[in-house]
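Worksheet: the structure to be examined is printed underneath.
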Amino acid sequence: MSSSISKFLLALLFLAGCSAPKNIAKSDTQTIDNLKAHIQYLADDKLEGRRTGTPGEELAMQYISKQFKEIGLTPMGTEYYPQIFVVNDGKQIDDATELLINGNRLETGKDFFPFPFSPTQKIEALPSIALQEVGVPWFFDLKEVLEENKNNPHFDLVDYIRTNYKGIKDRGAVAMIFYNTSSIDDKLVFDPKDKSEQLAIPAVYVSKEMAKKYFSDKSATLNFKLRTSIGEKTRLGHNVVGYIDNRAATTVILGAHYDHLGYGEDGNSMIRTGEKSIHNGADDNASGTAALIELARVLKKSKAKNNNYLFIAFAGEELGLFGSKYFTENPTIDLKTVNYMINMDMVGRLNDSTKVLTVGGFGTSPAWDKVVNNLDFFKLPYKGDMTAPLVIKIDSSGTGPSDHTSFYRKDIPVLFYFTGLHTDYHKPSDDADKINYKGESVIISHILNVIESLDQQPKLSFLKTKETQTSTNQRFSVSMGIMPDYTYAGTGVRADGVTDGKPAQKAGIKAGDIILQLGDNNVASLENYMQALGKFKKGEKTKVKLKRGNETLEVTVEF
Ligand SMILES: [Zn+2]
């Protein structure tokens, strides 16, 4: 038996009490078996990629709730373990919408559609296309404006319609009917993400085919029955929340998102072919969810009782941190009692040769230095199935593309565990048979060691860190340096964070501000903002109109 073994055994006996040696080996095998069971279930085709708001998400939610119950966690959601939140998916054309011309019903969405900024209204009239009389719908052929702008890549037809036809109502129109007799493809479709201000009267687009059929004779009188109804498209997400009450003054939060991409419907798949396949999300993030469950199992028996523990499996992360944001805005415990938060997102692909584990959030508390990177491997109570230490790569920022960011924004120290990107990221090929289960059990051990070595410490102090730009979009030659709030459903783009030293911060834009205009470009949605940003070059200056509380401000930004 090698000396290191005896020293190892000695250290264990000393640190974790008599039973440890036998249990550890057994417990690690047990942990690995459990991880396999969790990840294989969560990444099974049956759960169809666990997209938020789908039956697959529901199955995963039930599975996690059942595990929490078996472990003996106290339910800490709003509906027992689950905490339900609404995801706003933008606008939708309600079934009540209809258009009949001369008694013929046109097919909604195919033959015609109301623009998303149309109010709910019912109109019956006998208009003729050539006449723009008071009290009837007015008809507009887009032919001319399309031909005038056919060589202008920045021409935005919807923006043109929205801004140029605003005052039509005042001249007597009760609706605006747009059609296109030119050979140019107008590419007009119903855009559920359009969050622009509602107009006073309906704006409707009629397809080329239907326009040819009904609008060719401009002098004809049409029997026109129109009803427009635009609603909010929503779905429900479910955080799953369980608690260990050690009657302590502070609580440690452990979190991992369990939602994934489904068939890639939300446009966040790396597969750009449009092929609809199940994205199983074994590493992203069935691995973190499995680790969360196993950490609950061990901490339930742990002697580290100077903190309570709250376990949150988030939904809505892939949509833009919806679940964690919702929890931090609607916490089921007092956030002031939170000591720190540990987030695990993609911890299933530890590279066995490099053993590199990225730990983010390192700069969010001075306490992390001692416990993350300097733990004496041979003195650790938990070793997992490993004979050599992990290679910890630290990232100091408290923000990043996962749920710890929502807690960092509430001035809570965070750690973010991540084994790194790989070629299966956000693809259907992210499967359970590629998971490094042993590696994951070691990562769980690292987290347990961190928690146990902080147990006797006072509540951690929080440090602000540099904000990292989460998405580097090559398409733009400039960036403002704001972190958009993906959950914001209102008009404009709300800044969740502002990066130091970037144009927005230098111009005095703050977190919480709502960008409404960039130069001459209206900013109603994130898409508008991206389009507008694409028009600017380094060194250029422009005016930014924004809302701060009830105030509307204008600042000058230099890119
Ligand atoms: Zn993820």
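The values are calculated or read from the model by the stated rules, or taken from the named source; none is laboratory data. Fair warning: this is a prediction, and the values are worked out from it, not measured in the lab. All Cβ positions, glycine included, derive from the backbone under ideal geometry; neighbour counts span all protein chains shown. To get the accessible areas, we keep the full protein, side chains included, count just its heavy atoms, and leave off ligands, DNA and RNA. Shrake-Rupley method; radii C 1.70, N 1.55, O 1.52, S 1.80 Å.
Listed values, structure above:
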read-out: Cα shape, the range 482-558, gyration tensor, a/c 1.5 rule; value: rounded
read-out: Apportionment of accessible area to carbon and sulfur, the chain, percent (1.4 Å); value: 52
read-out: Separation of the Asn104 and Ala200 label points, Cα + 7 Å toward Cβ, nm; value: 3.3
read-out: Partner lysines for Lys393 [C-alpha distance under 16 Å; skip if fewer than 8 residues away on the same chain]; value: Lys355, Lys370
read-out: Nearest-0.05 FRET efficiency for Asn149 and Thr552, computed from C-beta distance (R0 35 Å); value: 0.70
read-out: Extension gain (nm, one decimal) between Asn88 and Lys233, 0.36 nm per residue minus Cα-Cα; value: 51.6 nm
read-out: About the Cα centre, charge dipole magnitude for the chain (Lys/Arg +1, Asp/Glu -1 at Cβ), debye; value: 1220
read-out: Solvent exposure of the chain as accessible area per residue, Å², 1.4 Å probe; value: 45
read-out: Inter-part distance where the range 60-134 and the range 199-251 are each reduced to a Cα centre, Å; value: 5
read-out: Pairwise FRET efficiency - Lys393 versus Leu463, Cβ, R0 = 22 Å, nearest 0.05; value: 0.65
read-out: Largest-first ordering by accessible area, 1.4 Å probe, given options Ser219, Ser182; value: Ser219, Ser182
read-out: On Cα atoms only, tilt of 288-301 relative to the major axis of the chain in degrees; value: 40
read-out: Accessible area in the full protein assembly, largest first, 1.4 Å probe, for Asp259, Asp170; value: Asp170, Asp259
read-out: Prolate/oblate/rounded call for the range 95-228, Cα gyration tensor, a/c under 1.5 rounded; value: rounded
read-out: On Cα atoms only, tilt of 437-454 relative to the major axis of the chain in degrees; value: 80
read-out: Dipole of the chain, positive direction: furthest Cα of Phe418, Gly398, Gly549, with charges on the beta-carbon; value: Gly398
read-out: Amide H within-cut-off set for Val523, under 5 Å, with H built and near neighbours excluded; value: Gln517, Leu518
read-out: Relative contact order of the range 95-228, pairs being alpha-carbon contacts under 8 Å that are 6 or more residues apart, as %; value: 48
read-out: Rough spin-label spacing in nm, given labels placed 7 Å along Cα→Cβ, for Glu275 and Lys218; value: 5.0
read-out: Karplus-derived HN-Hα couplings along the range 101-107 (A = 6.51, B = -1.76, C = 1.60, θ = phi - 60°), whole Hz, x at Gly and Pro; value: 10, 6, x, 8, 7, 8, 7
read-out: Modelled FRET efficiency - R0 41 Å, Lys510 with Thr423, Cβ distances, 0.05 increments; value: 0.55
read-out: Extension reserve of the Asn306-Lys225 stretch, reckoned as 0.36 nm per residue once the Cα distance is removed; value: 22.2 nm
read-out: Angle in degrees between helix 3-16 and the longest Cα principal axis of the chain, rounded to the nearest 10; value: 70
read-out: MRE, 222 nm, helices only [DSSP H, n ≥ 4, -39500 (n - 2.57), over the chain, to nearest 500]; value: -7500 deg cm²/dmol
read-out: All aspartates and glutamates inside 13 Å of Lys150 as judged from Cα atoms, apart from same-chain residues fewer than 8 positions distant; value: Asp185, Asp186
read-out: Ala175 long-range amide H proximity, modeled H, under 5 Å; value: Trp138
read-out: Global size of the chain as Cα Rg and Dmax, reported in angstrom; value: 28.1, 100
